[in-house]
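To start, the structure itself, in structure tokens.
The values are calculated or read from the model by the stated rules, or taken from the named source; none is laboratory data. Because the structure is predicted, anything quoted here is derived from the model rather than measured. Glycine also receives a Cβ, built like all others from the backbone with ideal geometry; neighbour counts cover every protein chain displayed.
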Amino acid sequence: MNPFDQKITRFGLRSFRAKFILVVGGAVLFDLLVTGGLALFNVQRLSRDATTEVGQGLEKANQDYIRSYAETTAARVNLLLNQVHSDVGTLAGVLQAQVDRPVRKSQIGEAMARGAPGAVSVTYDEKGGWAQNRPGPLSVVSVWGYLLDANHVPLPEVQTDIENSAVLDLVAPSLLANGQSKLQMYYIGPKERPIFRTAPYTDQAQTFDRLYPGHNQAEFWPFFFPGLYDSWEQWAENPASRPVNSDITQTAPYTDAITGKLIVSFFQPLWSYDRKRVAGAAGADITLDQLAEIVENVRVADNGFGFLTMSDGNVVAINPVGEKVIGLQSSSDTSSQGVTGLDRSLRNSAQAAIAKLPLDQDGLLQHVFLEENGEKVPYLVVLKQLQPTNLWISGPVRRESMLLGIVVPEREIYASLFAAQAGITEATNRILIYQVLALLVSLLFVTSAVFAISKRITGGISALANAARRIETKDYSVRVDIPTRDEVGEAGAAFNRMAEEIRFHTENLEQLVEDRTKEIEEANLQISALNEQLRSENVRLSAELDVARRIQLMVLPRAGELEEISDLEIAAYMRPADEVGGDYYDVLRDGERLKIGIGDVTGHGLESGVLMLMVQSVARALQEAGDMDPSQFLNRVNRALYKNIVRTNANKHLSLAFLDYDGKSLMLSGQHEELIVVRSAGIVERIDTLDLGLPIGLEPDISPFVATQEIAFAKGDMIILHTDGVTEAEGPDGELFGIDRLCESARSRHGCSAEDVKSGIIEDLMAHIGTQKIHDDITVVVMKHR
């Protein structure tokens with residue numbers, strides 16, 4: 001060895017320890033550097049992704065919140081409107097009952113005239129040219145001059161309307177005091193006699209004189225509500241012409257003549273008894289403040305607000321701050337005819353973005369820029385449609401869906417987003433600093449640990465290498481002493497065990513071979529004996545099952561027995577799914593009386609077959625005893641079987657039904673599959689047995705559940721009994737044969753003999769099953785009246 005190699009060896013560069021330090025230390029160092037670098041990269045990427053995800057999530061959450069807030073507020077407005085609709089509908093219902101029942105109407109009118117004469121007596125006002133009842137009653141009734149005779153007294157038919165409408169005094173106070181707050185409720189007569197009765201009492205006609213000059217010389221409906229009555233008359237001719245499927249008609253906001261407030265009126269027309277003409281209207285007014293209160297109280301963020309607009313853009317409710325933000329300009333309709341409306345349209349907004357808002361999209365959320373102090377400020381606007389209604393403004397009634405709008409500055413709704421993004425950036429920087437420090441500490445720790453552990457690990461490995469070399473020289477007495485409890489220590493212990501076993505097996509190999517050979521021979525003899533015993537057991541079990549199957553088939557009705565029945569053809573088919581089936585059918589004969597039974601035990605196999613034989617035996621015994629009453633028969637069969645099922649601890653029961661035939665009538669009892677009757681004309685009837693009994697073997701007494709049903713059974717009629725193995729038989733594609741196929745198979749052969757029908761049904765069933773395995777017992781009984 002040259003001096004250089006000696007030097008290398010002295011320093012251990014060729015030793016396992018040196019290689020361990022170089023390889024493991026270098027790998028760990030490289031791994032730490034790569035892992036640390038990737039961790040720093042992933043933290044930065046995670047920060048960017050988190051910022052993006054949080055931004056998108058918060059943006060969506062805020063937008064969803066605005067939409068949800070809009071939907072909730074819209075629901076509150078809809079609820080208010082629905083409450084008013086309900087109150088108007090209640091009043092209209094009372095008044096409509098007056099129209100539909102003339103006798104009742106006159107009785108109530110006469111009673112009101114006697115009990116409250118002030119409500120039906122009117123006094124002529126020479127200055128105004130109209131008549132009105134004096135203060136005191138619960139309601140005021142106004143009669144225009146053209147409804148009075150020459151003596152200024154209401155025309156007879158007008159006076160009748162005055163008396164009949166006094167029923168408003170009975171109903172309106174309660175409606176005004178309860179439910180949604182209403183300004184007033186009223187009745188207006190038809191266009192021929194438009195008397196106007198309003199509760200509570202006000203100076204009604206005097207106010208009209210002041211606000212609407214000339215109203216007393218014009219027809220009421222065209223003057224105040226032009227086009228409204230014409231629309232109702234069209235509805236009477238064609239109810240489908242209503243814009244919305246409701247009689248309730250709502251007006252746009254207008255100035256109330258009596259209170260001077262902005263109000264919304266709700267009308268429901270009354271109809272003549274034949275529903276061909278309009279007989280007046282019931283109505284109620286609510287102040288616009290009630291709608292505006294819901295909308296004006298909208299608070300989203302710090303400066304968000306709401307507004308309510310018609311579909312044409314006319315804003316009917318908004319708070320003053322919001323009105324200024326979206327640049328609305330107010331004006332009023334000053335025409336002399338009709339009520340005075342409100343005009344405050346989005347289309348005339350000073351903000352171009354608001355004027356261009358699309359109003360035909362429900363749930364629309366838009367980003368718009370609004371001018372504020374010379375700057376464009378981003379806002380979010382969401383529009384939510386209210387429930388549609390019939391709306392009158394001026395002219396024909398049209399469909400209207402008002403919109404609720406929510407407006408909120410983006411800087412407020414996204415404030416949480418900006419704060420979250422700043423927090424993520426700060427947390428990312430802090431994580432980066434901690435990650436770099438952790439990487440440096442890890443490098444220092446790993447370097448120290450590699451040097452400290454390498455000596456301990458390589459010491460044990462060296463001892464194992466020396467011991468392996470001694471094993472190679474066939475020195476099996478060698479052992480290693482490694483005190484550590486790690487994997488190297490476990491390897492040393494395993495090496496010592498291996499050396500001991502090698503020594504033992506080397507010394508005792510021949511004896512071990514002889515012992516193992518003897519054990520294998522004994523095991524082969526035991527296996528042969530067990531195989532022989534298994535073959536014998538299989539032969540015995542097969543023979544027992546064959547005997548059970550033969551016994552089951554032996555107790556079935558013979559063809560000769562069935563042929564002796566003079567006026568019936570009976571054909572039957574039974575195929576068990578296993579060697580022994582659980583289906584039951586029998587024909588019990590007692591003179592001219594027959595009892596045809598069919599049943600299905602749960603499951604199939606030997607236990608089900610034994611229970612089927614029990615049913616046959618019990619039924620035969622009861623028949624021989626002359627106990628043939630349908631209800632009692634089923635209950636006694638159940639009692640006997642229930643006790644046997646309890647004794648045998650078998651978790652079984654069965655569906656069971658009987659047909660009793662005495663040559664004249666056919667009686668059905670018991671719960672089983674549907675009974676199919678094919679009439680002589682080919683008509684198929686299905687009779688459900690669900691309510692005629694209870695499964696046998698579930699309860700000791702089923703008499704409360706047993707019922708009977710008589711079935712018509714004329715010549716040429718045919719009855720098909722079956723078990724669920726027929727209808728639930730699966731085809732290759734998993735499709736069931738089904739009751740419909742069974743009915744069609746029987747119907748298509750309704751003119752054939754019972755045997756041909758039975759054979760045809762089985763042929764169709766087997767064609768449907770094809771090569772599929774039969775999973776359940778199959779039984780079909782066909783009975784035809786000759």
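Cβ contacts < 8 Å: first residue on the phi > 0 side of the Ramachandran plot, restricted to the stretch 140-158; second residue of a type outside the set (Gly, Ala, Ser), any location; separation 6+ or different chain. Result?
As it stands, the answer is His152/Tyr124, since those pairs meet every condition given.
Looking only at the stretch 143-169, count every residue that is surrounded by fewer than 16 Cβ atoms within 10 Å (Cβ to Cβ) and within 53 Å of the chain's Cα centre (by Cα) and tell me the total.
Final tally of qualifying residues: 0.
So which of Ser442, Ser462, Ser394, Ser448 ends up being closer than 30 Å to Trp221 by Cβ, of a type in the set (Ser, Thr, Tyr) and at pLDDT 70 or above?
Within the list Ser442, Ser462, Ser394, Ser448, the selection yields Ser394.
Yes/no matrix, rows are residues, columns are (1) under 21 Å from Leu588 (Cβ atoms); (2) of a type outside the set (S, T, N, Q); (3) in contact (Cβ under 8 Å) with a residue 12 or more places away in the chain:
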| site | (1), (2), (3) |
| --- | --- |
| Gly697 | yes, yes, yes |
| Ala707 | yes, yes, yes |
| Thr727 | no, no, yes |
| Pro732 | no, yes, yes |
| Ser748 | no, no, yes |
| Cys752 | no, yes, no |
| Ile762 | no, yes, yes |
| Leu765 | no, yes, yes |
| Asp776 | no, yes, yes |
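Name the single residue, out of those in the stretch 102-126 being without any contact (Cβ under 8 Å) to a residue 60 or more places away in the chain and not in a helix (DSSP H, G or I), that is surrounded by the fewest Cβ atoms within 10 Å (Cβ to Cβ).
Among those residues, the one meeting the criterion is Glu126.
Pick from Asp740, Asp717, Asp701, Asp688: which is in contact with a Lys or Arg (Cβ under 6 Å, 6 or more places away or on another chain) and at negative phi?
Asp717
Which residues, taken from the stretch 181-192, are out of contact with any Leu (no Cβ under 6 Å at 6 or more places or on another chain) and assigned to a loop (DSSP other than H, G, I, E, B)?
Listed by number, the residues that qualify are Ser181, Leu183, Gly189, Pro190, Lys191, Glu192.
Return the total of residues in the stretch 729-754 being closer than 28 Å to His785 by Cα and assigned to a loop (DSSP other than H, G, I, E, B).
Qualifying residue count for the region: 7.
Can you name the number of the only condition in (1) assigned to a loop (DSSP other than H, G, I, E, B); (2) surrounded by fewer than 17 Cβ atoms within 10 Å (Cβ to Cβ); (3) of a type in the set (A, V, I, L, M) that Met628 fails?
The single condition Met628 does not satisfy is (2).
Keeping to the stretch 636-680, report how many residues are within 43 Å of the chain's Cα centre (by Cα) and of a type in the set (S, T, N, Q).
6
Return the total of residues in the stretch 307-323 being touching a residue at least 24 places away in the same chain (Cβ under 8 Å), within 17 Å of Leu370 (Cα to Cα) and either outside the structural domain of Pro378 (by TED's automatic domain parsing) or surrounded by fewer than 20 Cβ atoms within 10 Å (Cβ to Cβ) (or both).
Total meeting the criteria: 0.
For His722, indicate whether it is crowded, with 17+ Cβ neighbours inside 10 Å and out of contact with any helix residue (DSSP H, G or I) (no Cβ under 7 Å at 6 or more places or on another chain).
No, not satisfied.
Among the helices (runs of 4 or more DSSP H) confined wholly to the stretch 199-289, which include 3 or more residues that are modelled with pLDDT of 90 or more?
Output list reads 220-224, 228-237.
Matching residues to (1) in contact with a Lys or Arg (Cβ under 6 Å, 6 or more places away or on another chain); (2) among the basic types (Lys, Arg); (3) on the phi < 0 side of the Ramachandran plot; (4) not assigned by TED's automatic domain parsing to the domain that holds Arg411:
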| residue | (1), (2), (3), (4) |
| --- | --- |
| Leu270 | no, no, yes, yes |
| Ala279 | no, no, yes, yes |
| Ala301 | no, no, no, no |
| Phe305 | no, no, yes, no |
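Of (1) in contact with an Asp or Glu (Cβ under 9 Å, 6 or more places away or on another chain); (2) without any contact (Cβ under 8 Å) to a residue 60 or more places away in the chain; (3) surrounded by 14 or more Cβ atoms within 10 Å (Cβ to Cβ); (4) within 21 Å of Ile762 (Cβ to Cβ), Glu673 satisfies all except one. Which?
It fails just one condition, (2).
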